[in-house]
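Comments concern the structure below.
Values in this text are rule-based calculations from the coordinates and carry no lab data. Please read these numbers as outputs of a predicted model, since none were measured by experiment. Glycine gets a Cβ as well: all are built from the backbone with ideal geometry, and neighbour counts include every protein chain shown.
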Amino acid sequence: MRLSTACIIAGVLALLVAGCSSSASRFYTLNATSIPAASPSTLSVSVGPVSIPAAVDRPQIVATVGPNQVRLDEFNRWDAPLQNTIARVVAENLVTMLGTPRVTMFPQTLSAEADYRAAIEVQRFDSAPGNAAIFDAVWTVTRARDGKFQTGRTTAREPAPERSYDAVAAAHSRAVARLSQDIADAVRGLDGTKP
């Protein structure tokens, strides 16, 4: 009788320990795209500030699960604040798209030092594993020497058919590449140069 009681207690303790242990967190990031490099130039661009919606301004990935419902995933997180990540990826994309190494993130440099500044306001950053990443941003590129600017909007719905956060991060990376291309086109337009 005592042996079976001891076995039951040991089994209950094992279940409690297993239930109390947490899963390891996984971290995700956005990446620059692989595109052919543009002809070399001497343009300089400062990227930022970048603002994002408060609903996604957190380390956890916010997954859209319905028209009016989201889920914060405690174990799947962004590796850095989204504002920094988006600015970094846009800057890395612009280095290749504009053919210049002189692309920095605001406020790491004085904006007066750059020929152009790209400010970005992300209005939607929806993540729906198994469906899509939806990205919507308004941006303004300003020429430093005279204050002339161009404002635009980049809207993208990139498929993420796999039910994984890897697929969602890759889809958001493609959306940020479209944003980067729109900004690069605006810089060239203000500069009077062709791609």
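Things worth noting here:
- Beta bridges by DSSP in the stretch 35-113, antiparallel share as percent, to the nearest 5: 65 percent
- Residue ranges 148-156, 64-72 sort as 148-156, 64-72 when ordered by packing (mean number of other C-beta atoms within 10 Å per residue, highest first).
- Pairs of Cα atoms farther than 19 Å apart, the stretch 23-132, %: 53 percent
- Across the stretch 64-77, rounded Karplus estimates of 3J(HN,Hα) from the backbone phi angles (6.51 cos²θ - 1.76 cosθ + 1.60, θ = phi - 60°) give 7, 10, x, x, 10, 9, 10, 10, 8, 9, 5, 9, 10, 10 Hz, Gly and Pro being marked x.
- Simple spin-label estimate for VAL65 and ALA144 gives 4.8 nm between the two label positions (7 Å along the Cα-to-Cβ direction from each Cα).
- Helix runs (DSSP H) in the chain reaching 24 Å along axis by Cα, Kyte-Doolittle at least 0.5: 2-20
- A straight chain from ILE35 to ARG157 at 0.36 nm per residue would run longer than the Cα-Cα distance by 41.9 nm.
- Beta bridges assigned by DSSP with both partners in the stretch 26-191 are antiparallel in approximately 70 percent of cases.
- Sequence of THR33, THR100 once ranked by neighbouring C-beta atoms within 10 Å, starting from the fewest: THR33, THR100
- Residues whose placed amide H lies under 5 Å from that of ARG26, excluding near-sequence neighbours: ASN76, ARG77
- Normalised contact order of the chain, rounded percent, pairs of Cα under 8 Å and 6 or more residues apart: 22 percent
- Of (1) 14.6; (2) 11.4; (3) 10.8, the label for mean projected area of the Cα convex hull in nm² derived from the coordinates: (1)
- Check: the chain dipole with +1 on Lys, Arg Cβ and -1 on Asp, Glu Cβ, in debye: 80 debye
- Cβ-based charge dipole, the stretch 38-195, positive-most Cα from VAL47, ALA87, ASN76: VAL47
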